[in-house]
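The structure under discussion appears below in the form of structure tokens.
The values are calculated or read from the model by the stated rules, or taken from the named source; none is laboratory data. None of the values given here were measured: they were computed from a predicted structure. For neighbour counting, all protein chains shown are included, and Cβ atoms are generated from backbone atoms with ideal geometry for every residue, glycine included.
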Amino acid sequence: MRAAQRGDARAIDALVRELSPLIGRICGAIALDEGEDAMQEALIAVVGNLRALREPAAVRGWARRIAVREAVRVAKRRPVTADADAVQARDVDLDTAMDVRAVLAKLSPDQRAVLVLRDLDGMAESEVASLLSVPEGTVKSRLHRARASFANRWMS
Amino acid sequence: MTWPTVELDPITRLRAIAAAFPNAGVGEVVLDVPFDRAWAWLMDFERTTSRFDTMVTNVRVRQRTDTTAKLVVRQRGNPFPMPFDVSIEPGFCMMRASGRLFLVLMAAVPEGDDRTRYAHAEAIPLPGLGRTRARVQRMVDADLRRLRRNIGTY
């Protein structure tokens with residue numbers, strides 16, 4: 001990590017590859033169709049600001065925060081093409097990624113961010129609130145709406 | 001339940017690494033050559049690098065494995081040969097000059113069956129050289145124009 005902060009290209013490459021599963025998971029689930037753009041912008045923001053990170057051990061939490069911010073920003077910039085009607089019109093296969101994606105597409109980027117951090121990354125509500133810089137009550141209400149929406153889609 | 005995810009592709013990897021260097025020049029083109037042919041041509045350093053890199057006059061390969069190479073590169077206007085350590089993967093290549101004097105990144109992905117999306121970055125990875133970015137970017141742009149013209153030729 002220190003080598004990456006000093007500008008060692010090989011260490012930077014290793015860091016990019018190490019962080020990419022975390023960032024890819026967040027950007028894929030929040031930005032959906034724009035996930036690749038969000039991931040690229042998140043990685044560029046992480047690497048471009050690496051020298052400003054004072055505590056190298058905190059790199060994953062810092063990268064997660066940047067990935068969520070970029071994924072929400074990119075998702076809001078370009079609306080997702082939701083095809084949830086198609087999901088409702090046929091038998092839902094709960095095991096396929098395509099169905100999950102269609103259900104996620106019906107949620108707002110902010111709702112997806114809360115859902116991803118809480119249910120995919122397993123963060124506590126207080127941690128999610130801190131990461132998103134919103135009150136814990138906002139996290140609870142977004143999570144409730146997201147889960148309810150998710151459940152309704154899957155049951156329909 | 002499977003959540004949607006995004007894999008790291010070579011071009012995103014290149015752009016992320018380049019972001020660490022304030023003077024990095026980065027460019028991207030689509031080549032009218034299938035990926036396998038384009039990548040094989042690009043990795044044939046001795047025969048092809050000087051056909052698109054405007055600064056390079058000659059390349060000698062001192063060592064080569066499937067994943068690494070050691071090159072000696074002669075550049076226009078530089079009387080001293082520059083040794084490079086190279087790491088190679090399918091679609092991704094990093095070339096680092098000794099003493100961190102120069103960094104070259106090359107990345108490619110298939111663009112359909114018949115074409116290749118190629119990204120190229122160059123940087124001088126030393127601190128305090130941010131002002132040279134415009135010059136490095138012009139070099140990269142010129143390299144990519146030559147590459148589009150010469151890809152596949154020997």
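Structure notes:
- Here B:Ile88 meets each of (1) touching a residue at least 24 places away in the same chain (Cβ under 8 Å); (2) away from chain A (no Cβ under 12 Å); (3) more than 20 Å from A:Ile12 (Cα to Cα) with one exception, condition (3).
- Residue check, A:Ala38 over 18 Å from B:Ala107 (Cβ atoms) and out of contact with any Cys (no Cβ under 9 Å at 6 or more places or on another chain): no
- Considering the range B:41-63, and only residues there that are in contact (Cβ under 8 Å) with a residue 40 or more places away in the chain and of a type in the set (S, T, N, Q), the residue that is surrounded by the fewest Cβ atoms within 10 Å (Cβ to Cβ) turns out to be B:Thr54.
- Residue in the range B:61-68 that is of a type in the set (A, V, I, L, M) and within 14 Å of the chain's Cα centre (by Cα) present: no
- Between B:Val59, B:Val29, B:Val33, B:Val72, the distinction of being away from chain A (no Cβ under 14 Å), in contact with a Phe, Trp or Tyr (Cβ under 8 Å, 6 or more places away or on another chain) and assigned to a loop (DSSP other than H, G, I, E, B) belongs to B:Val33 only.
- Tally of residues being part of a helix (DSSP H, G or I) and either among the hydroxyl-bearing types (Ser, Thr, Tyr) or in contact with a helix residue (DSSP H, G or I) (Cβ under 9 Å, 6 or more places away or on another chain) (or both) across the range B:36-56: 8
- Filter result for A:Leu107 (in a loop (DSSP other than H, G, I, E, B), at pLDDT below 90 and crowded, with 20+ Cβ neighbours inside 10 Å): yes
- Residue within the range B:132-151 that is within 14 Å of chain A (Cβ to nearest Cβ) and more than 16 Å from B:Trp41 (Cα to Cα) present: yes
Residue-by-condition table, conditions (1) closer than 30 Å to B:Leu101 by Cβ; (2) within 7 Å of another protein chain (Cβ to nearest Cβ); (3) buried (at least 19 other Cβ atoms within 10 Å of the Cβ); (4) within 13 Å of the chain's Cα centre (by Cα):
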{"residue": "A:Ala14", "(1), (2), (3), (4)": "yes, no, no, no"}
{"residue": "A:Val46", "(1), (2), (3), (4)": "yes, no, yes, no"}
{"residue": "A:Pro56", "(1), (2), (3), (4)": "yes, no, no, no"}
{"residue": "A:Ile66", "(1), (2), (3), (4)": "no, no, yes, yes"}
{"residue": "A:Arg77", "(1), (2), (3), (4)": "no, no, no, no"}
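- When B:Ala38 is tested against (1) at pLDDT 95 or above; (2) touching a Ser or Thr at 6+ places or on another chain (Cβ under 7 Å); (3) more than 12 Å from chain A (Cβ to nearest Cβ); (4) surrounded by fewer than 20 Cβ atoms within 10 Å (Cβ to Cβ), only condition (4) is not met.
- Of the residues in the range B:136-149, at least one is modelled with pLDDT under 95, β-branched (Val, Ile, Thr) and assigned to a helix (DSSP H, G or I).
- Any hit, the range B:3-21, residues being of a type in the set (A, V, I, L, M) and over 22 Å from A:Arg17 (Cβ atoms): no
- Pair list, Cβ < 8 Å and 6+ apart or interchain, from the range A:1-20 residues that are of a type in the set (Lys, Arg) to residues that are part of a helix (DSSP H, G or I) and surrounded by 15 or more Cβ atoms within 10 Å (Cβ to Cβ): A:Arg17/B:Arg13
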